[in-house]
Ligand SMILES: *Cc1c(COP(=O)(O)O)cnc(C)c1O
């Protein structure tokens, strides 16, 4: 498929554009488990839908185009994608993870992969010297998110990739918060990109999906093998829904960001608010790096209410913004990282990485921004 220069166009025409046979502008949902074979070993490239399905393939080509990678893979969830990627490693290997990775990524390493002798270590990936010194023999990969969940910690992906490349380690980037519309880690030197497509890529809070993208032939071959062997694939209907959602990613994110900027600036002005974590604020620590490596700050904001404001009351008084896990949908969602998304991280580690009990994470939706701000204003007022 041709590559388009402008990602807004690739979102709509990338991957497999429509259906050649009928002219349908959308890729059909190939709701089939198997395919008729003309004779022994003679088929049209598809044998069984765990191994290959045309609807899934259209999505896999689309995400590869968008991330400027060569190979895409679609999984049943973001965690299935991450798990498949971590299955590349062997007993005795170690993965370095940045301080604020997604709770589920931490959990799968801490509780599942550790059982097979694949270990992890948490490092501050912004300290390049520390990172370089941590890359011992058994370390095989560095796993980062930027901006990272939930404090929006920005990591210089290019700088980290220079360190990992020099030492022959893989760099894995979870690009869920940015999506390829805003940031393309492979072009910054990453080896593997993973996504929870459940979030912005899907965009409508109506499906669970995961994606992975690579550039390297050998790595792709291993990942396709793992995908087929372990079977955590995305179903055709969900692949269709995801392609459909991704077509509007550009317009959605433009609006998400416009709203997030207004909300972050408003929060910054409130006496009730202690800290605002948003990479779009010039005062934010990672602002310059974010500007350099991404085409926008995204629409995820975290903030802390001062002591004396009751977190339960705040959540209880919200009328428009929904208290829920997840993010990246058209509707504004709010969550309490300490007891929700990051509850699987032990309290002492949570404290170490700065996830306090007063911390609130907001996924700014595409509703009217004045309505979002009014809802926050009211809930903060009544939380005292
Ligand atoms: C949600 C999320 C995941 C996990 O994805 P699922 O689709 O829920 O399995 C991974 N990384 C990040 C950053 C996420 O927000």
- Out of the residues in the stretch 62-92 that are away from the ligand (no atom under 16 Å from the Cβ) and in a helix (DSSP H, G or I), state the one that is surrounded by the most Cβ atoms within 10 Å (Cβ to Cβ). 62
- Quick check: is even one residue across the stretch 239-262 surrounded by 20 or more Cβ atoms within 10 Å (Cβ to Cβ), away from the ligand (no atom under 16 Å from the Cβ) and more than 21 Å from the chain's Cα centre (by Cα)? no
- Within the bounds of the stretch 184-194, is there any residue that is closer than 24 Å to residue 360 by Cβ, within 16 Å of the ligand (Cβ to nearest atom), touching a residue at least 12 places away in the same chain (Cβ under 8 Å) and not assigned by TED's automatic domain parsing to the domain that holds residue 256? no
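Do the conditions hold for residue 303, that is, is it in a strand (DSSP E or B), modelled with pLDDT of 95 or more and outside the structural domain of residue 56 (by TED's automatic domain parsing)?
yes
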- Message: When you check residue 103 against the structure, is it within 12 Å of the ligand (Cβ to nearest atom) and either farther than 26 Å from residue 128 by Cα or over 17 Å from the mean Cα position of the chain (by Cα) (or both), yes or no?
- Response: no
- Tally of residues being under 16 Å from residue 273 (Cα atoms), within 16 Å of the ligand (Cβ to nearest atom) and out of contact with any helix residue (DSSP H, G or I) (no Cβ under 6 Å at 6 or more places or on another chain) across the stretch 300-334: 2
- Item | Among (1) more than 19 Å from residue 176 (Cβ to Cβ); (2) touching a strand residue (DSSP E or B) at 6+ places or on another chain (Cβ under 6 Å), the one test that residue 327 misses | (1)
- In the list 372, 355, which residue meets the criterion of being buried (at least 22 other Cβ atoms within 10 Å of the Cβ) and modelled with pLDDT under 95? 355
- For the stretch 24-56, name all the residues that are assigned to a loop (DSSP other than H, G, I, E, B) and farther than 22 Å from residue 237 by Cβ. 37, 38, 40, 41, 43
- Query: So which pairs qualify, if the first residue must be in the stretch 140-159 and assigned by TED's automatic domain parsing to the domain that holds residue 276 and closer than 17 Å to residue 282 by Cα, the second must be in a strand (DSSP E or B) and within 16 Å of the ligand (Cβ to nearest atom), the Cβ gap must be under 6 Å, and the two must be at least 6 apart or on different chains?
  - Reply: none
- Item | Top-ranked residue in the stretch 124-143 [being within 20 Å of the chain's Cα centre (by Cα) and modelled with pLDDT under 95; ranked as nearest to the ligand (Cβ to nearest atom)] | 125
- Message: When you check residue 318 against the structure, is it buried (at least 18 other Cβ atoms within 10 Å of the Cβ), under 19 Å from residue 148 (Cβ atoms) and modelled with pLDDT of 95 or more, yes or no?
- Response: no
- Just a yes or no: is a residue in the stretch 107-114 surrounded by fewer than 24 Cβ atoms within 10 Å (Cβ to Cβ), more than 16 Å from the ligand (Cβ to nearest atom) and touching a residue at least 60 places away in the same chain (Cβ under 8 Å)? no
- Message: Going by what's in this entry, would residue 59 be described as within 16 Å of the ligand (Cβ to nearest atom), more than 24 Å from residue 154 (Cβ to Cβ), in the same structural domain as residue 187 (by TED's automatic domain parsing) and part of a strand (DSSP E or B)?
- Response: no
- Do we find that residue 146 is modelled with pLDDT under 95, surrounded by 20 or more Cβ atoms within 10 Å (Cβ to Cβ) and within 15 Å of the ligand (Cβ to nearest atom) in this structure? no
- Message: Any residue that is in contact with a helix residue (DSSP H, G or I) (Cβ under 7 Å, 6 or more places away or on another chain), more than 22 Å from residue 163 (Cβ to Cβ) and not assigned by TED's automatic domain parsing to the domain that holds residue 276 - is there at least one of those in the stretch 93-111?
- Response: yes
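The values are calculated or read from the model by the stated rules, or taken from the named source; none is laboratory data. The structure displayed is predicted, hence computed values, not measured ones. As a convention, Cβ positions derive from the backbone with ideal geometry for all residues, glycine included, and neighbour counts pool all protein chains shown.
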